[in-house]
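The values are calculated or read from the model by the stated rules, or taken from the named source; none is laboratory data. In this text, all values refer to a predicted model and were calculated from it rather than measured experimentally. Reconstructed Cβ throughout: ideal geometry from the backbone, glycine too, with neighbour counts over all protein chains shown. Accessible surface areas use protein heavy atoms only, side chains included; no ligands, DNA or RNA. Shrake-Rupley method; radii C 1.70, N 1.55, O 1.52, S 1.80 Å.
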Amino acid sequence: MKAEVDETDAVVISPHPDDAEFGTAGTVARWTKAGKRVVYVVCTAGDKGTTDRNLTPQALTDIREKEQMAAADRLGVAQVDFLGFPDQGLEDTPEFRKEIVRIIRKYRPHTVVTTDPYRRYIWHRDHRITGQVVMDAVFPYARDHMAYPDMLAEGLEPHKVRKLLFWAAEDVNYRSDITDTFEDKLAALHCHASQVIELGIDDLEAWMRRRCREMAEGEPFALAEAFHRVILPS
Ligand SMILES: [Zn+2]
């Protein structure tokens, strides 16, 4: 059977439900308001991120999937794919890499947004692995037809991503203006009620506003999301 292929402006690949909202929701809202097509891919079910001992992994998976769908809906995201890998279980394997290549060849994005793999010291292993695997999948595996001959038979042709944006980067070289979409980011974050509670932040708006103000440092606008940006060779 031939896979359905859909040109997309941006694919956002996050390790867990809620990571994309913290990292890039303001930028996503700006894009969707400009008519761009954005797709979310969530690698794990987020089934371990709780201190509530009464919750089962399945119950937590259900809650987090619903929260992620609500947040994506609020941001005008066209599609959310849940890959369903176990939380705290991502590894840099051929299977995971191939799954990401499949996503890239299916949605054919101009831009891929994900988590920075090169953050030092304390960093969730799933975040480090996701960033690494996405980067490798974009270049060279999604690009080269010989990488996965079986995908060609499915209609999943090679694809060249033009731009990569990594959130949570220590080496920031691009600050995205989210002054007009900060409220959308905040509303999307509030959709993740079970995670906001876990963070123990009293005033999410004040906390997020302060962070976004810091990320806009040196720019002519007030609020930003910061990234390491890579332009790929054409
Ligand atoms: Zn996460």
Quick one: compute the contact order of the chain, relative version, from alpha carbon pairs under 8 angstrom and 6+ residues apart, as a percent.
-> 26
Taking the Cα centre of the chain as origin, work out the dipole magnitude from +1 charges on Lys and Arg Cβ and -1 charges on Asp and Glu Cβ, in debye rounded to 20.
-> 600
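So which chymotrypsin sites (Phe, Trp or Tyr not before Pro) in segment 88-175 end up in coil per DSSP with only 13 or fewer other C-beta atoms within 10 Å? Intermediate results must be reported in sequence, preceding the final value.
Working: sites: Phe96, Tyr107, Tyr118, Tyr121, Trp123, Tyr141, Phe166, Trp167, Tyr174; in loops: Tyr118, Tyr121, Trp123.
Listed in order of number, the matching sites are Tyr121.
DSSP loop GluC sites (Glu not before Pro) in segment 1-96 with at most 12 other Cβ atoms within 10 Å of their Cβ, which ones? Can you show the working numbers first?
Values: sites: Glu4, Glu7, Glu21, Glu65, Glu67, Glu91, Glu95; in loops: Glu4, Glu7, Glu91.
In loop regions of segment 1-96 (DSSP not H, G, I, E or B), the sparsely surrounded GluC sites (Glu not before Pro) are Glu4, Glu7, Glu91.
Whenever you get a sec, compute what percent of the accessible area on the chain sits on carbon and sulfur atoms (1.4 Å probe). It would help to have the intermediate numbers written out before the result.
On the way: 5730 of 11360 Å².
C and S atoms contribute 50 percent here.
Would you work out the charge dipole size for segment 32-161 about its Cα centre, treating the Cβ of every Lys and Arg as +1 and the Cβ of every Asp and Glu as -1, and quote it to the nearest 20 debye? Please report the intermediate quantities before stating the final value.
Working: 20 positive and 19 negative charges, 118 e Å.
It comes to approximately 560 debye.
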Trypsin sites (Lys or Arg not before Pro), restricted to segment 53-115: which are DSSP loop and have at most 15 other Cβ atoms within 10 Å?
-> Arg53
Reach of Lys160 by Cα under 16 Å, taken over aspartates and glutamates that are not fewer than 8 positions away in the same chain = Asp6, Glu7, Asp9, Asp136, Asp144
DSSP-defined antiparallel bridges as percent of all bridges, the chain, nearest 5 = 30
What residues qualify as long-range amide H neighbours of Thr8, i.e. H under 5 Å apart, gap of 5 or more or another chain, H built at 1.01 Å from N?
-> His110
Out of Val11, Gly23, Ala34 - ranked by how far each Cα lies towards the positive end of the dipole of segment 1-54, with unit charges on the beta-carbon of charged residues - the top one is Ala34
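Compute the whole-percent fraction of alpha carbon pairs in the chain spaced more than 27 Å apart.
On the way: 8472 of 27261 pairs.
Looking at the chain, the distances longer than 27 Å represent 31 percent of pairs.
Please compute the contact order of segment 109-174 in relative form: average sequence separation of alpha-carbon pairs under 8 Å and at least six residues apart, divided by the residue count, as a percent.
Details: 71 pairs, mean separation 32.7, N = 66.
Reported relative contact order: 50 percent.
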In terms of the charge dipole of the chain, which places +1 on Lys and Arg and -1 on Asp and Glu at the beta carbon, the residue among Ala168, Ala71, Trp123 farthest towards the positive end is Ala168
How many Å² of accessible area per residue for the chain, probe 1.4 Å?
-> 49
